[in-house]
Amino acid sequence: MRITILGAAAGGGFPQWNCNCRNCAGVRSGAVRARPRTQSSIFVRDDQAADGVLFNASPDILEQIRANPALQPNRRVRDSAIAGVVLMDGQIDHATGLFMLRERGSPLPLWCTDPVEQDLTQGNPILRVLGHYCGVQRERIVPDGTPFTIPGAPGLAFRAFALASKAAPYSPHRDAPVPGDNIGMLITDRTSGRSAFYAPGLGEITPPLFDVMSGADAVFVDGTFWTDDEMIALGLSKKTARDIGHLPQSGAGGMIEWLDQMPANARRFLIHINNTNPILDEDSPQRAELARHRIEVCEDGVTLEI
C-alpha cells in the first residue's frame, strides 16, 4: 500500500500562526533547520488503485490537495481520488476540513464512531452544516477490532480500536471518556497482506493495543510532545501532555520505550507533532536520539510504500 503524509503537525500547524517559541521563530528566520508542516492527515491507497481513503480532514486540506496531485487525478470535470473519509476523533484539527469538501454532487462518504458523530452533530455541528451542501453518508465505525471495508477502496481492509486519549473540548466526554472518542486504525493491503497502524492521538498504550501495533509493518503514532511538562515549562499551559491525551516520547513509559519493543523489521513514525516539540529541529539532540532508536519523523508530502 501507499501512504501519503498530507500533514504531520499537531493543531495549529508548524510554524503556528501566533507562536514565537524557539521552533516557530527559528523556522521563520532560518535559524532553526526545520521543515514547515500542515495539520495531520494521511491518504492511503492500495498498490494498484488511484483512489484511496483520507484519514482526518484538517483545516489545511485544500493546501494539502494542491501539494499532492495524486488526490486530483483529473479524470472528469469534477473529480477527486478521495473515495471516503475516516475520522480518528472529532478534534478541530481533524474534522473542520470537511467544510472544504462540500462541493460534491453526492453525499460525502464518512466513517466515524458514534461519539464522534454525536460531537460533530451537536457540540460542533459540522455534519448538520454539510447537510445544506453535499450532505454526508455517514457509516458507523465500531472500535472493537471488527474488520470492515470501504467500497471506494476495496483493496484495503480496516480494523478500529478504541484508544485512551481525550475527546474534543466541546465534547460532553472531554473529562469522562467513552470508547470511540479516539481510535487507532490497522490498515491492511488485502493483496500483499502488509499493514500499518495509525494513531495520531494516543494517550496510553495497553498490552492488547501493543500486540496490534507489533503485528503491523509500520506504525504512525502520536508525536505531539517530547516531554510530559513541555507546555508547562514554556509557560503555555498548566496541563501535562498526558492531561490532554498525548503520550510523550521521552521519560519512563513514554513512546520511545514502547517503540523500542517493536519487532526489529517494523518501521516507526511519529506524526501529529506539536510546534513546541524539539524533534522538529533536525539538528537537535532529541532528533538524534530518535535516530538512535530508529524512529522517523513524518514530513508533509512524503509517500511511503509499506
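Since every read-out is calculated from the coordinates, none of them should be taken as a lab result. Because the structure is a prediction, the values reported are computed rather than measured. Note that we place each Cβ from the backbone using ideal geometry, even for glycine, and neighbour counts take in every protein chain shown.
Okay, residues lined up against (1) of a type in the set (Gly, Ala, Ser); (2) touching a residue at least 40 places away in the same chain (Cβ under 8 Å):
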position: SER40; (1), (2): yes, yes
position: ASP47; (1), (2): no, yes
position: SER58; (1), (2): yes, yes
position: LEU62; (1), (2): no, no
position: ALA67; (1), (2): yes, yes
position: VAL77; (1), (2): no, no
position: ALA81; (1), (2): yes, no
position: GLY84; (1), (2): yes, yes
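Among the residues of segment 210-266, which ones are assigned to a loop (DSSP other than H, G, I, E, B) and of a type in the set (A, V, I, L, M, F, W, C)? Spell out how you get there, then give the answer.
Within segment 210-266, the first condition is being assigned to a loop (DSSP other than H, G, I, E, B), and the residues that meet it are 215-217, 223-229, 234-241, 245-254, 261-266.
Matches in segment 210-266: ALA216, PHE225, TRP226, LEU234, LEU236, ALA241, LEU247, ALA252, MET262, ALA264, ALA266.
What do you reckon, is GLY30 over 26 Å from LEU108 (Cβ atoms) and either out of contact with any helix residue (DSSP H, G or I) (no Cβ under 8 Å at 6 or more places or on another chain) or of a type outside the set (Val, Ile, Thr) (or both)? Break it down stepwise before answering.
On the way: over 26 Å from LEU108 (Cβ atoms): yes; either out of contact with any helix residue (DSSP H, G or I) (no Cβ under 8 Å at 6 or more places or on another chain) or of a type outside the set (Val, Ile, Thr) (or both): yes.
Yes; evaluated as a whole, the condition is true for this residue.
Taking segment 258-306 as the search range and keeping residues that are touching a residue at least 40 places away in the same chain (Cβ under 8 Å) and charged (D, E, K, R), which one is surrounded by the most Cβ atoms within 10 Å (Cβ to Cβ)?
The residue in question is ASP300.
Among the residues of segment 131-161 satisfying the criterion of being loosely packed, with under 12 Cβ neighbours inside 10 Å and without any contact (Cβ under 8 Å) to a residue 60 or more places away in the chain, which is farthest from THR191 (Cα to Cα)?
It comes out as HIS132.
Kindly list the number of the only condition in (1) farther than 26 Å from VAL212 by Cβ; (2) in contact (Cβ under 8 Å) with a residue 12 or more places away in the chain; (3) among the charged types (D, E, K, R) that fails for ARG128.
Unmet for ARG128, out of (1) farther than 26 Å from VAL212 by Cβ; (2) in contact (Cβ under 8 Å) with a residue 12 or more places away in the chain; (3) among the charged types (D, E, K, R): (2).
Please tell me if LEU186 is surrounded by 15 or more Cβ atoms within 10 Å (Cβ to Cβ) and part of a loop (DSSP other than H, G, I, E, B). Outline the logic, then answer.
Numbers: surrounded by 15 or more Cβ atoms within 10 Å (Cβ to Cβ): yes; part of a loop (DSSP other than H, G, I, E, B): no.
When the stated conditions are applied, LEU186 does not pass them.
Checking the condition of a type outside the set (A, V, I, L, M, F, W, C), within 27 Å of THR224 (Cα to Cα), assigned to a loop (DSSP other than H, G, I, E, B) and within 19 Å of the chain's Cα centre (by Cα), which residue from GLY123, GLY90 passes? Give the derivation first.
Values: GLY123 fails: within 19 Å of the chain's Cα centre (by Cα).
Going through GLY123, GLY90 in turn, just one is of a type outside the set (A, V, I, L, M, F, W, C), within 27 Å of THR224 (Cα to Cα), assigned to a loop (DSSP other than H, G, I, E, B) and within 19 Å of the chain's Cα centre (by Cα): GLY90.
What are the residues in segment 139-160 that are closer than 18 Å to GLY201 by Cβ and among the polar types (S, T, N, Q), if any?
Within segment 139-160, no residue meets the criteria.
State all residues of segment 45-70 that are of a type in the set (A, V, I, L, M), over 20 Å from TRP17 (Cβ atoms) and crowded, with 22+ Cβ neighbours inside 10 Å; if no residue qualifies, say none.
Of segment 45-70, the ones of a type in the set (A, V, I, L, M) are 49-50, 53-54, 57, 61-62, 65, 67, 70.
With the extra rule that they be over 20 Å from TRP17 (Cβ atoms), the set shrinks to 49-50, 53-54, 65, 70.
If the condition is that a residue be of a type in the set (A, V, I, L, M), over 20 Å from TRP17 (Cβ atoms) and crowded, with 22+ Cβ neighbours inside 10 Å, then VAL53, LEU54 are the ones that fit.
Given the criterion in contact with a Gly (Cβ under 9 Å, 6 or more places away or on another chain) and over 20 Å from TRP111 (Cα atoms), identify the matching residue among PRO36, PRO73.
Numbers: PRO73 fails: in contact with a Gly (Cβ under 9 Å, 6 or more places away or on another chain).
The conditions single out PRO36.
Evaluate segment 109-119: report whether one residue or more is over 18 Å from the mean Cα position of the chain (by Cα), surrounded by fewer than 19 Cβ atoms within 10 Å (Cβ to Cβ), within 21 Å of ILE3 (Cβ to Cβ) and not hydroxyl-bearing (Ser, Thr, Tyr).
no
So how many residues does segment 189-205 have that are surrounded by fewer than 16 Cβ atoms within 10 Å (Cβ to Cβ) and among the hydroxyl-bearing types (Ser, Thr, Tyr)?
2
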